[in-house]
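Asker: Structure provided below as structure tokens; questions to follow.
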């Protein structure tokens, strides 16, 4: 990664953890039919020494003071909640997190890659097993931009799942780090051309569309290959948490629970994993079987584990 991209990724990360940190909810709800079995987390992040930094969450929890302590805290959460596998994409360079057969290496980018040969080599070596998180919205792109085509074609050929950020982000992000960010680029409907062009591509909409959750649901009923992960909408702030509950109620009603995946998007706060798990377990309209599918079984199917 060149210096320009590293600085851009680091600025984006710094803004996100600050903006999102202001909205973490500490509310708790009574859990009904809580799921306590193994979990597959479809949405984690790691950092390089240059991109990591600590922040204090509004609930008073200090993010780990160093990358090494962050890794230790993350590993503790993985063990505590029986996280069997986790899709981990590194923001701002090469990740160094080690966790015995748990990590499924992702590929984070906010713009189309440029080197198809290197991309293919990383897939063949196992260094890329999920193309995502693709934060195209932060760079002013959508996944349907022609610049992504060659890489999506490779992913379809090698059956590499693609995870794309949908929905919004933190307040004033356009002014802080990402001048090309536009909320409209986070609409799941911007992915439709990709679905039409690559019918065998395995794709999941991260954050379940967030503000556009109705569009995520409609896309799921239109295209049978579309999955979603829940990401930050389970914990980051009250507004997205409202979207999460509304989305899940409708997903259950529309018989789409089989394509909903758990993802924490813990950023620099390992304790957010526990928050998101507790939120999902608190929904009494979901049965134990529904939660087992979301936390574990659906991801096993999607990833062919």
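The values are calculated or read from the model by the stated rules, or taken from the named source; none is laboratory data. Here the structure is a predicted model, which is why all the values come from computation and not from measurement. Backbone-built Cβ (ideal geometry, glycine too); neighbour counts: all protein chains shown.
Asker: Tell me whether the range 28-36 contains one or more residues that are farther than 26 Å from residue 297 by Cα and at pLDDT below 95.
Answerer: no
Asker: Further, regarding this structure: Tell me, please, whether a residue that is touching a residue at least 12 places away in the same chain (Cβ under 8 Å), closer than 26 Å to residue 47 by Cβ and in a helix (DSSP H, G or I) can be found in the range 241-264.
Answerer: Yes: one or more hits.
Asker: Every residue in the range 265-305 that is closer than 21 Å to residue 236 by Cβ, under 19 Å from the mean Cα position of the chain (by Cα) and outside any helix (DSSP H, G or I), please.
Answerer: Passing the criteria: 265, 266, 267, 268, 269, 270.
Asker: Residues to consider are 16, 11, 75, 67; find the one that is farther than 27 Å from residue 176 by Cβ and modelled with pLDDT of 55 or more.
Answerer: The match here is 75.
Asker: Yes or no: residue 138 in a helix (DSSP H, G or I), buried (at least 20 other Cβ atoms within 10 Å of the Cβ) and either in contact with a helix residue (DSSP H, G or I) (Cβ under 7 Å, 6 or more places away or on another chain) or modelled with pLDDT under 95 (or both)?
Answerer: Judged against the criteria, residue 138 is a match.
Asker: Under 7 Å between Cβ atoms, which residue pairs at least 6 apart in sequence (or on different chains) link something in the range 156-180 that is at positive phi and surrounded by fewer than 20 Cβ atoms within 10 Å (Cβ to Cβ) with a partner that is in a loop (DSSP other than H, G, I, E, B) and modelled with pLDDT of 95 or more?
Answerer: Qualifying pairs under 7 Å: 159/202.
Asker: Restricting to the range 60-100, name every residue that is at positive phi and surrounded by 17 or more Cβ atoms within 10 Å (Cβ to Cβ).
Answerer: Across the range 60-100, the qualifying residues are 92, 93.
Asker: Something else now. Would you please name the residue that is surrounded by the most Cβ atoms within 10 Å (Cβ to Cβ), looking only at residues in the range 37-59 that are assigned to a loop (DSSP other than H, G, I, E, B) and modelled with pLDDT of 90 or more?
Answerer: 38
Asker: Given the condition modelled with pLDDT of 95 or more, buried (at least 21 other Cβ atoms within 10 Å of the Cβ), more than 27 Å from residue 103 (Cα to Cα) and touching a strand residue (DSSP E or B) at 6+ places or on another chain (Cβ under 6 Å), answer yes or no: does some residue in the range 278-290 qualify?
Answerer: no
Asker: Which residue out of 217, 205 is closer than 24 Å to residue 44 by Cα and either in contact (Cβ under 8 Å) with a residue 40 or more places away in the chain or surrounded by fewer than 17 Cβ atoms within 10 Å (Cβ to Cβ) (or both)?
Answerer: Every option except 205 fails the conditions.
One line per residue, one yes/no per condition, for (1) at pLDDT below 95; (2) surrounded by fewer than 17 Cβ atoms within 10 Å (Cβ to Cβ):
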site: 211; (1), (2): no, no
site: 225; (1), (2): no, yes
site: 236; (1), (2): yes, no
site: 247; (1), (2): no, no
site: 260; (1), (2): no, no
site: 267; (1), (2): yes, no
site: 274; (1), (2): no, yes
